[in-house]
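The values are calculated or read from the model by the stated rules, or taken from the named source; none is laboratory data. Just so it is clear, the model here is predicted, and its values are computed rather than measured. Ideal geometry is used to build each Cβ from the backbone, glycine not excepted, and the neighbour counts take in all protein chains shown. SASA here: full protein model, heavy atoms, side chains in, ligands and nucleic acids out. Shrake-Rupley method; radii C 1.70, N 1.55, O 1.52, S 1.80 Å.
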Amino acid sequence: MDKGWRDEISKSFGHAVASDDALLAECISMCQLYNLNPEDLFYKVEAFNYRPSATHSGIAPITLETLGALKAQIQRDMTKDSTKRAQTKPKPGNTAQVDRRRIPQNMVRNLPPTSIKQEATGETGVPGLSHLVFRGPSYDAEKKKSRAYHYMYEKILERSEALDQLIEDFADLIQNHYSIPEFADPSSATVDEVTIIGRLTQDSESTSAKLTESTLTIESSRAVSNGARVPLRLDSALRIRGSAHGAGGIGLFPGAIVALKGKNGGGGYFLATEVLSIPPLKASPASCGVLDPKQDPEMGNEPVSICVVCGPYTSDTDLNFKPWRTLLPILNATKPNVLLLVGPFIDSSHAKIKAGDSDLSAANIFKGRIADSLRAFLAASSESIVLVVPSVRDLVSTHAVFPQPELDWDLFPADPRINLLPNPTRFSINDISFAVSSVDALFHLRTQEYTKRGVEVEALPPSEGDVPSDAMANLCRHLLQQRSFYPLFPVPADSSHEVNLDVTHSDAISMIDDGDLDYAPDILILPSRLKQFTKTVHTTAAINPSFLSKGSYATIDIAGRTSMGKLNERLTVKIVKLEG
C-alpha cells in the first residue's frame, strides 16, 4: 500500500487507524471517491461519530461500520444535492440580485422584493464584531415559501395524517429506548400486560373544560388500532418509569403522546399500571462543556450579551408605547450584542385597536414606534444585531396562523444587522442554541394539565439546578419531552382565540428536525402571562421574561468558553424590572 497515503492517514487519524489495513484501505477509498484529503475526511468522520446524549456525550470509535455509514450519508447528500440542482428552474434573463438593506430607505420603497445572500445562508457575521456569529433558519426561496403557506386550506386527510405521523415518530423513539418488541391495540382485550402508545384525549361527552382522570381516553394510530379511542383508567399504584427523580408524578394533558403498560380486561377501558416516560432530548455539546466538532473551534471564546424583550410593548390603556420608550435609553447605554424582540408589536387584542381609536394604520404605528427606534439603536450600537420574532396577534403580520412566517422586510429599515425569524424558531449565537415562541403555551398547559401521583421506577438523576417538583419547570419539561412548541391538541376552547393552530404544518412547531437540530436547545424562551421565571430543565435554561407592557424583560450574559466549563457555569440570566 502507498506509504504516502499511510503517512497522511496516520497524521490525521492516528497510528491505530493507519496500522489497520482494512480501515486504512477504506479511508483511502473514500478520499479518492469523494475527492477529499485525509484531514477533511477526518473532520467528517469525527463530526459523524459525535454522539450527544442525555447523560454523556463523546465521539464514537472509528470502525468499518461507521465509515460505511458515513459513506452512505455522503452519497445520500450528494444525490439530494444533484436532485435539487436538477429541479432548479433557470432564471429568465440576466437579473441582478440587489441587497435592498444596503440601499437608503427613501430608495428601497419602490423596489420589488429580491433575494440576498444572507437570506440564502441564514448566517450573519456582524461587521466589526468578528466573534459574533448568528445562524438562523434557511432563507432560500423554497423554505420561505413553505413557511408562508396558504392557511384555511387544510384537508381532513392531511390533518389526520399529520396527527398519525406524530404518534408513529414517538413510537419509534420509545420502542428503541425501552427495547419494546411491538405496541399493542388498546381496544383489544388481553390476559397479559401489553405496551401501548397513543395521544391523550378527553371524552367527547365530557362537560368539563379541563382534563380529569375520569374523562381520559387514548387514541392510537391507524396502523395499530384504526385510530380508535379507548377510555383510560390509571391504576392506584401507578408506576412511572424513566422520569426525573423527585417529580413524584406525571403531568397529563390533551394532545400528549404517552406510552403505557397495562391491559384491557374486556371491560371497555384500558387499565394502565405503568407509564414509560419519553426520554429527554440529547444534551447539546455546549451544555456539556465539549467542543462541537462541526463548528469553528474559536467560536464562543468571547463573551456575548443579549437582551430579550417580549410584547406587548405598550400598556393596555393607550398606544403611547411608554414601556418601550423607557427601555430605549437603557438599550442605547448598555449596547447588548444581541437584541431579541418578540411580538406582538401591534397587538390585535389591544382595546384601542379593537375600538378603532387610532387614526394611523398598524404599519405606520409600527414604523413610527418600533422600526424608527431600531434604526436609532443600530446607529448608536454599531456592533449589535437585532432578531425579530412575530406573534399571531400581530396586526403587521399577514399570517394569523401558528406556525407563522417572519414579518415583511418592508416594515424595517434597510440594515443587514436586522434578522427576521419565524414563529416558533430555532437559531444559534456562536456555540449556543436558542428556541423561541411567542405563543403562550405555558399558560394553556397550566389550565389543562392534570397531575397523577405515582411510584418512580428507574428515575433519571436531575441535572444541576433542575428541580423536578417545580410546577413551572415541569410545564417547560412537557414542551421539551414532547419535542414541540405547542404539544396541546386540540387548542383549549377558551384559548382558541389566541392561537389558530395549523395541524397540517405541525412539523414547523417541532423543536427538532432530521438535520443538525436533534438536541435540546441550550436556552428556551417562552413569554407567558404566568409569573416571570428562569428555570433549569435538564440541560436547558428555560426563561419566561414576561411582557414589556408589565415592565419586565430579560438579560442573558454568556461568558466565553475559554473562561469556564459547562454552559450553566457560563450563563447568567436576569429578569429585569423597568423603573418608572
Inset, instruction - Just name the residue that is most open to solvent (accessible area, probe 1.4 Å) out of those in the stretch 278-308 that are in a loop (DSSP other than H, G, I, E, B) and hydrophobic (A, V, I, L, M, F, W, C). - result: 291
Inset, instruction - Confirm whether residue 486 is assigned to a loop (DSSP other than H, G, I, E, B), open to solvent by 30 Å² or more (accessible area, probe 1.4 Å), aromatic (Phe, Trp, Tyr) and within 18 Å of residue 436 (Cβ to Cβ). - result: no
Inset, instruction - Would you mind telling me which numbered condition in (1) over 30 Å from residue 152 (Cα atoms); (2) buried (at least 22 other Cβ atoms within 10 Å of the Cβ); (3) at pLDDT 95 or above residue 470 fails? - result: (2)
Legend entry - Single residue of the stretch 121-135 satisfying the filter (within 16 Å of residue 337 (Cα to Cα) and part of a loop (DSSP other than H, G, I, E, B)) that is modelled with the highest pLDDT: 127
Inset, instruction - Would you be able to tell me the number of residues in the stretch 246-256 that are assigned to a strand (DSSP E or B) and closer than 13 Å to residue 216 by Cα? - result: 2
Inset, instruction - Select from the stretch 438-458 the residues that are more than 25 Å from residue 511 (Cβ to Cβ) and either outside the structural domain of residue 480 (by the TED database) or in contact with a Lys or Arg (Cβ under 7 Å, 6 or more places away or on another chain) (or both) and write down the one among them that is most open to solvent (accessible area, probe 1.4 Å). - result: 455
Inset, instruction - Kindly indicate which of 428, 469, 433 is among the small types (Gly, Ala, Ser), assigned to a loop (DSSP other than H, G, I, E, B), farther than 25 Å from residue 164 by Cβ and touching a residue at least 60 places away in the same chain (Cβ under 8 Å). - result: 469
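Residue-wise test of (1) of a type in the set (D, E, K, R); (2) part of a helix (DSSP H, G or I).
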residue	(1), (2)
138	no, no
152	no, no
158	yes, yes
162	no, yes
168	yes, yes
175	no, yes
Inset, instruction - Find all pairs meeting these conditions: Cβ atoms under 7 angstrom apart; at least six residues apart or on different chains; first residue within the stretch 259-270 and within 18 Å of residue 241 (Cα to Cα); second residue open to solvent by 60 Å² or more (accessible area, probe 1.4 Å) and among the acidic types (Asp, Glu). - result: 261/193; 262/193; 263/192; 263/193
Legend entry - Count of residues meeting criterion [hydroxyl-bearing (Ser, Thr, Tyr) and either out of contact with any helix residue (DSSP H, G or I) (no Cβ under 7 Å at 6 or more places or on another chain) or at positive phi (or both)] in the stretch 472-522: 3
Inset, instruction - For residue 214, state whether it is farther than 20 Å from residue 161 by Cα and either free of Cβ contacts under 8 Å to residues at least 12 places away in the same chain or touching a Cys at 6+ places or on another chain (Cβ under 7 Å) (or both). - result: yes
Inset, instruction - Quickly run through the stretch 387-403 and pick out the residues that are in contact with a helix residue (DSSP H, G or I) (Cβ under 6 Å, 6 or more places away or on another chain) and over 13 Å from residue 348 (Cα atoms). - result: 403
Inset, instruction - Can you tell me which residue within the stretch 567-580, out of those that are in a strand (DSSP E or B) and open to solvent by 70 Å² or more (accessible area, probe 1.4 Å), is nearest to residue 336 (Cα to Cα)? - result: 574
Inset, instruction - May I ask you to verify whether residue 460 is in contact with a strand residue (DSSP E or B) (Cβ under 8 Å, 6 or more places away or on another chain) and closer than 25 Å to residue 340 by Cα? - result: no
Inset, instruction - Kindly indicate whether residue 402 is without any contact (Cβ under 8 Å) to a residue 60 or more places away in the chain and farther than 30 Å from residue 297 by Cβ. - result: no
